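The values are calculated or read from the model by the stated rules, or taken from the named source; none is laboratory data. Treat the numbers as computed from the prediction; the structure is a model and nothing was measured. Cβ placement follows ideal geometry from the backbone for every residue including glycine, while neighbour counts extend to all protein chains displayed.
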């Protein structure tokens with residue numbers, strides 16, 4: 001049974017989410033503030049986190065950063081703020097998806113299911129052998145261990161960043177449009193814009209490129225999208 005941690009200060013919304021996800025077959029714990037959320041995160045060890053961006057005792061963006069630095073657990077951020085800038089900021093911090101209030105419980109369950117499916121299911125993709133062998137190459141990907149290496153040093157990635165790198169690694173040289181990357185990483189049921197892909201690509205370049213402004217590995221194909229090769 002997958003475990004879902006809900007961090008939501010609104011009692012009615014929090015209870016509604018908890019009851020619905022429980023009826024969908026998840027083990028659910030709910031925190032009413034950031035402090036409780038941190039404690040349950042360490043105690044409960046959730047498979048996915050549903051995080052409200054506005055909490056009475058904590059900044060949801062900062063809390064998201066705390067979770068991301070500690071784990072690669074998928075994070076679904078929820079908020080009444082629906083500006084593009086707010087969604088981009090959440091994704092930049094490490095959230096894997098962003099759901100704007102008000103939303104239906106059915107959509108919430110679909111988002112949670114999609115995040116869990118992508119976190120635990122890795123369908124084979126034609127291309128080079130999936131698991132990287134450590135060599136003298138600067139960038140390596142170990143798909144089985146879900147580890148990204150740069151100069152033999154493990155680099156932390158968000159769930160979405162790793163999924164993009166996995167797709168690139170298995171299909172080196174192929175050009176992907178933003179729409180293709182978005183559909184691959186998030187699925188067709190996620191309400192985010194293609195701008196999110198640009199954010200993830202920028203973050204990946206900061207992590208693997210010696211000069212992110214003049215990338216060697218993740219190349220922009222103007223008017224089309226991105227490609228990767230080592």
### Query
What is the residue count in the stretch 139-156 for residues that are under 16 Å from the mean Cα position of the chain (by Cα) and free of Cβ contacts under 8 Å to residues at least 24 places away in the same chain?
1
### Task
Could you check residue 161 against (1) surrounded by fewer than 19 Cβ atoms within 10 Å (Cβ to Cβ); (2) at pLDDT below 90 and say which number it fails?
(1)
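Listed here are the residues, each with its yes/no results for (1) over 22 Å from residue 196 (Cα atoms); (2) assigned by TED's automatic domain parsing to the domain that holds residue 163; (3) under 16 Å from the mean Cα position of the chain (by Cα).
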{"site": "11", "(1), (2), (3)": "yes, no, no"}
{"site": "47", "(1), (2), (3)": "yes, no, yes"}
{"site": "57", "(1), (2), (3)": "yes, no, no"}
{"site": "77", "(1), (2), (3)": "no, no, yes"}
{"site": "101", "(1), (2), (3)": "no, no, no"}
### Query
Is there a residue being buried (at least 21 other Cβ atoms within 10 Å of the Cβ), under 20 Å from residue 159 (Cα atoms) and in contact (Cβ under 8 Å) with a residue 40 or more places away in the chain anywhere in the stretch 34-43?
no
### Query
Which residues, taken from the stretch 46-96, are in contact with a strand residue (DSSP E or B) (Cβ under 6 Å, 6 or more places away or on another chain), touching a residue at least 40 places away in the same chain (Cβ under 8 Å) and more than 19 Å from residue 18 (Cβ to Cβ)?
87, 95, 96
### Task
Tell me, yes or no, whether the stretch 17-25 has at least one residue that is in contact (Cβ under 8 Å) with a residue 60 or more places away in the chain, under 13 Å from residue 52 (Cα atoms) and either out of contact with any helix residue (DSSP H, G or I) (no Cβ under 8 Å at 6 or more places or on another chain) or assigned by TED's automatic domain parsing to the domain that holds residue 115 (or both).
yes
